[in-house]
């Protein structure tokens with residue numbers, strides 16, 4: 001393997017200018033000719049659920065009211081006067097007519113007038129898919145342009161409301177998130193590396209390949225998505241953070257080793273080749289563990305993970321190529337100038353902080369291990385207090401936005417259309433118009449269920465109550481509510497309030513009369529809360545009992561709470577399914593790179609312990625102290641993924657260096673030398689990675705889900721870097737001795753040396769029987 005990396009080092013040095021020009025040209029071409037990553041992102045959790053999940057089946061059951069491939073936008077207008085005037089109503093109809101000209105709009109409809117006659121509501125149906133962020137932004141922007149372009153009375157205010165408008169406004173408020181994350185991450189990495197290297201160019205050289213990959217990788221991933229892959233909404237942020245973090249890790253591995261080789265007396269180009277020969281294998285297997293972990297996500301049932309895995313795997317693969325070609329080429333061009341003004345003159349290696357720490361670890365391995373196990377074991381116990389949280393942040397429109405004011409009007413004037421309702425849907429074999437008394441009894445039964453706080457349906461529309469007989473009479477007189485005009489006809493004997501209420505029945509009874517929809521609020525509280533998520537199984541059970549009682553052939557519960565429950569269940573199921581696969585794959589990679597069947601076992605155990613401890617720490621911080629009702633459903637999964645994959649980066653670097661030094665030193669000395677040489681690299685890389693995840697959270701302040709993921713991952717990485725990789729793992733290495741390398745040749749050589757040392761000690765004692773027997777220090781390779 002070293003022969004391959006020796007050849008690659010020579011190639012990168014010899015053709016350095018060609019490599020640099022190739023990367024510049026390739027990056028420019030990617031940006032210029034390929035689509036952006038943001039243009040292919042899917043921006044909805046529901047889009048990632050399997051079609052067999054109950055919440056998706058419920059949404060499909062509601063398709064007579066809204067096709068699952070269409071999107072709905074609510075338009076509301078409110079007068080500052082005592083009630084809407086005929087001019088106000090005509091102006092609102094003119095606004096809807098202007099909106100109808102938007103190319104993707106399929107239909108516009110006046111949904112009704114509020115009971116106090118001060119507000120009017122319209123519904124826009126667009127063929128723009130509900131999960132395309134770019135298309136929805138264009139749609140909402142065009143609808144708002146139509147509002148501005150249509151003259152309305154000064155007393156009338158018109159706003160967009162509902163999920164679509166709020167989502168677009170929330171995304172617009174956070175649109176600077178990816179850009180801020182990228183800019184702040186680069187700034188943070190540069191500051192940390194300036195402190196670490198104490199050199200002007202070294203931080204920029206280390207970071208430059210990652211910048212190339214961020215710029216070129218996004219378009220390449222977007223182009224690859226045309227093969228039918230789905231890209232998760234958070235991929236943009238994690239792609240930037242992961243590439244900058246992992247790329248800096250790989251850069252640190254190589255740049256630190258180049259500086260070490262320079263100080264051993266090699267010339268710059270030879271030092272680059274030698275460094276790549278020595279750490280190329282570590283970098284390759286480090287990235288291979290990350291890629292393997294990410295690609296394992298293709299087996300996930302939750303589409304969010306599938307959409308997260310392959311794009312990031314492509315990014316890490318590109319980062320590996322850049323780390324093995326572009327970075328050596330840049331180092332070969334700049335030579336010693338990279339480390340100016342620090343000295344790279346030959347000299348004996350100095351014992352630094354980590355060398356002194358290693359000296360204590362190797363003399364007290366049992367104490368170090370016990371203290372570490374107690375601390376991490378205690379934190380791991382706290383991890384069992386975790387529970388998935390709901391989508392609390394999803395229920396609030398950005399304050400001061402158009403959708404914020406629209407949602408306020410909607411909630412006040414049209415409570416049955418309130419934001420984030422939970423919908424209960426039933427489907428019957430025949431039209432319900434022939435037996436409305438059965439549906440009336442069903443609505444009454446639903447309202448008595450303990451999980452439902454309020455129920456709006458065909459018999460209480462716009463604050464108007466109907467009996468089954470009254471509704472039947474209106475149907476006989478007016479016909480289907482779906483085809484009625486928005487403004488009540490002149491000389492109509494029916495009061496306007498009753499007419500508008502009946503006309504709104506199309507929201508609850510499908511055109512064919514077979515599907516009934518009820519809009520409910522939950523006893524557990526906001527549909528986006530954790531309490532509502534946890535109540536979902538009981539809600540479904542009670543709704544199922546009502547369906548059976550009144551003869552419905554199908555039923556479903558749709559909304560944020562059931563979607564959150566299905567997502568959390570799918571996520572937990574994937575965690576149980578994928579974790580063993582990832583552990584086995586990475587264990588095999590560790591066995592290959594370390595040529596050992598023993599070391600991978602305790603290295604994997606250390607990562608699992610680190611994961612549980614980090615999860616426990618997050619539970620303590622966010623639930624016990626932070627007051628959250630649970631952790632974001634994706635945090636445990638991402639925490640495991642990144643701690644396992646990136647934690648093994650540091651394991652590989654430290655363990656391969658220990659193995660290298662153990663070729664010609666006793667094991668305790670090998671641990672001290674290796675930790676002295678790699679300790680700064682590991683902790684610097686850990687600081688960079690933790691810092692970039694912290695920046696992810698800071699760049700998305702106000703988005704509690706992203707904040708939790710960013711800070712949670714940062715906390716876990718800090719614990720793993722400063723305690724597990726540099727303290728606990730070396731203590732286990734010392735305690736196991738030559739067994740670390742079983743069954744490789746190093747184990748056999750070390751074992752032979754151990755037996756020889758013992759034989760020499762026994763012979764010495766036999767030759768000098770009168771000398772007191774003391775402790776014999778035996779060097780173990």
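Specify which of the listed residues (552, 501) is outside the structural domain of residue 110 (by TED's automatic domain parsing), in contact with a strand residue (DSSP E or B) (Cβ under 9 Å, 6 or more places away or on another chain), in contact (Cβ under 8 Å) with a residue 60 or more places away in the chain and in a helix (DSSP H, G or I).
Going through 552, 501 in turn, just one is outside the structural domain of residue 110 (by TED's automatic domain parsing), in contact with a strand residue (DSSP E or B) (Cβ under 9 Å, 6 or more places away or on another chain), in contact (Cβ under 8 Å) with a residue 60 or more places away in the chain and in a helix (DSSP H, G or I): 501.
Can you find a residue that is out of contact with any strand residue (DSSP E or B) (no Cβ under 7 Å at 6 or more places or on another chain), modelled with pLDDT under 90 and within 30 Å of residue 592 (Cα to Cα) anywhere in the range 225-232?
no
Tell me which residues, restricted to the range 12-23, are closer than 27 Å to residue 221 by Cβ and out of contact with any helix residue (DSSP H, G or I) (no Cβ under 8 Å at 6 or more places or on another chain).
Answer for the range 12-23, where residues must be closer than 27 Å to residue 221 by Cβ and out of contact with any helix residue (DSSP H, G or I) (no Cβ under 8 Å at 6 or more places or on another chain): 18, 21, 22.
Quick one: which residue in 699, 685 is modelled with pLDDT under 75, within 24 Å of residue 207 (Cα to Cα), crowded, with 24+ Cβ neighbours inside 10 Å and in contact with a helix residue (DSSP H, G or I) (Cβ under 9 Å, 6 or more places away or on another chain)?
Details: 685 fails: modelled with pLDDT under 75.
Only one candidate passes the filter, namely 699.
Out of curiosity, is residue 521 in a strand (DSSP E or B), touching a strand residue (DSSP E or B) at 6+ places or on another chain (Cβ under 6 Å) and surrounded by 19 or more Cβ atoms within 10 Å (Cβ to Cβ)? Break it down stepwise before answering.
Values: in a strand (DSSP E or B): yes; touching a strand residue (DSSP E or B) at 6+ places or on another chain (Cβ under 6 Å): yes; surrounded by 19 or more Cβ atoms within 10 Å (Cβ to Cβ): yes.
Considered against the rule, which asks whether it is in a strand (DSSP E or B), touching a strand residue (DSSP E or B) at 6+ places or on another chain (Cβ under 6 Å) and surrounded by 19 or more Cβ atoms within 10 Å (Cβ to Cβ), residue 521 comes out as yes.
Every residue, every condition in (1) within 17 Å of residue 545 (Cα to Cα); (2) modelled with pLDDT of 90 or more; (3) not assigned by TED's automatic domain parsing to the domain that holds residue 509, yes or no:
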residue	(1), (2), (3)
414	no, no, yes
428	yes, yes, no
433	no, yes, no
437	no, yes, no
442	yes, yes, no
445	yes, yes, no
448	yes, yes, no
453	no, no, no
461	no, no, no
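Within the range 277-336, work out how many residues are part of a helix (DSSP H, G or I) and either closer than 30 Å to residue 633 by Cβ or out of contact with any helix residue (DSSP H, G or I) (no Cβ under 7 Å at 6 or more places or on another chain) (or both).
Looking only at that region, the number is 32.
So which of 734, 718, 671 is surrounded by fewer than 21 Cβ atoms within 10 Å (Cβ to Cβ) and either in contact with a strand residue (DSSP E or B) (Cβ under 9 Å, 6 or more places away or on another chain) or modelled with pLDDT of 80 or more (or both)?
Answer to the selection: 718.
Assuming residue 568 fulfils every condition listed in (1) buried (at least 20 other Cβ atoms within 10 Å of the Cβ); (2) within 27 Å of residue 444 (Cα to Cα); (3) in contact (Cβ under 8 Å) with a residue 40 or more places away in the chain; (4) in contact with a strand residue (DSSP E or B) (Cβ under 9 Å, 6 or more places away or on another chain) apart from one, which condition is it?
For residue 568, the failing item is (2).
Which condition breaks for residue 264 when tested against (1) under 29 Å from residue 591 (Cβ atoms); (2) over 25 Å from the mean Cα position of the chain (by Cα)?
(1)
If residue 726 satisfies all but one of (1) at pLDDT 80 or above; (2) within 21 Å of residue 607 (Cα to Cα); (3) buried (at least 19 other Cβ atoms within 10 Å of the Cβ), what's the number of the condition it fails?
If we test residue 726 against (1) at pLDDT 80 or above; (2) within 21 Å of residue 607 (Cα to Cα); (3) buried (at least 19 other Cβ atoms within 10 Å of the Cβ), just (1) comes out false.
Could you check residue 283 against (1) out of contact with any strand residue (DSSP E or B) (no Cβ under 7 Å at 6 or more places or on another chain); (2) in contact (Cβ under 8 Å) with a residue 60 or more places away in the chain and say which number it fails?
(2)
Kindly provide the set of residues from the range 295-330 that are modelled with pLDDT under 90 and more than 16 Å from residue 224 (Cα to Cα), ordered by number.
Answer for the range 295-330, where residues must be modelled with pLDDT under 90 and more than 16 Å from residue 224 (Cα to Cα): 296, 297, 299, 300, 301, 302, 303, 304, 305.
Taking the range 597-621 on its own, how many of its residues are touching a strand residue (DSSP E or B) at 6+ places or on another chain (Cβ under 9 Å) and part of a helix (DSSP H, G or I)?
3
Only one residue in 653, 641, 646 is closer than 19 Å to residue 568 by Cβ, surrounded by 24 or more Cβ atoms within 10 Å (Cβ to Cβ) and either touching a helix residue (DSSP H, G or I) at 6+ places or on another chain (Cβ under 8 Å) or at pLDDT 80 or above (or both). Which one? Quick ask: steps written out before the conclusion?
Values: 653 fails: closer than 19 Å to residue 568 by Cβ; 646 fails: closer than 19 Å to residue 568 by Cβ.
Among 653, 641, 646, only 641 is closer than 19 Å to residue 568 by Cβ, surrounded by 24 or more Cβ atoms within 10 Å (Cβ to Cβ) and either touching a helix residue (DSSP H, G or I) at 6+ places or on another chain (Cβ under 8 Å) or at pLDDT 80 or above (or both).
Could you tell me which of the residues 576, 593 is crowded, with 17+ Cβ neighbours inside 10 Å, more than 30 Å from residue 438 (Cα to Cα) and not assigned by TED's automatic domain parsing to the domain that holds residue 167? Walk me through it before giving the result.
Working: 576 fails: crowded, with 17+ Cβ neighbours inside 10 Å.
Answer to the check: 593.
The values are calculated or read from the model by the stated rules, or taken from the named source; none is laboratory data. On a predicted model such as this, the values are computed, not experimentally measured, just so you know. FYI the Cβ positions are ideal-geometry reconstructions off the backbone, even for glycines, and counts take in every protein chain you see.
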